[in-house]
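Notes to accompany the following structure.
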């Protein structure tokens, strides 16, 4: 890392040769597409070259640092892809068959789905405003924890703990139906 900080291309090439398989493999496991994993791996090594001085040995090994960057970029890419999928046309041409599957739903299935949605809305309303906002940003706007921290100006740890506490509060309010023997 000292060589990379000194802008020695051979140091970067050596690190690349030693760690590329791990960085690429991690990205591929998350993204499932080789071309996306290659791009993430390239982004990771570009960041290493540009911000090598940010590496702090006391926080973990170089491989752990690279893995964290690869995981973060891969997950962000998955989130962006999901976001783009949601922006696709609601009623595309030739989608008439997609509407037929809902016609077979029994009334009790529709009622169960509606009641579950109502329970979730009710439980969501019982959260504090801060918890509700964090969960909305994370799950409705599909933002990563660092993106939420940046948008709200909160520390990353605060964002994570509010989301964790919000989910815990939802779990206490929304209890799965019990079976006949009293177990969920």
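Legend: calculated FRET efficiency, residue 7 to residue 33, from the Cβ-Cβ distance at R0 = 22 Å, rounded to 0.05, equals 0.10.
Convex hull of alpha carbon positions in the range 121-174: directionally averaged projected area 3.3 nm². Entry note, the range 121-174: relative contact order of 44 percent, from Cα contacts under 8 Å with a spacing of 6+ residues. For the peptides 37-46, 123-132, the ranking by packing is 37-46, 123-132, with the highest mean count of neighbouring Cβ atoms within 10 Å listed first. Over the range 2-84, what relative contact order in percent results from Cα pairs under 8 Å that are six or more residues apart? Here the relative contact order equals 35 percent.
Each value in this text was obtained by applying a stated rule to the coordinates, not by laboratory testing. Just so it is clear, the model here is predicted, and its values are computed rather than measured. Every residue, glycine as well, gets a Cβ built from its backbone with ideal geometry; the counts of neighbours run over all protein chains shown.
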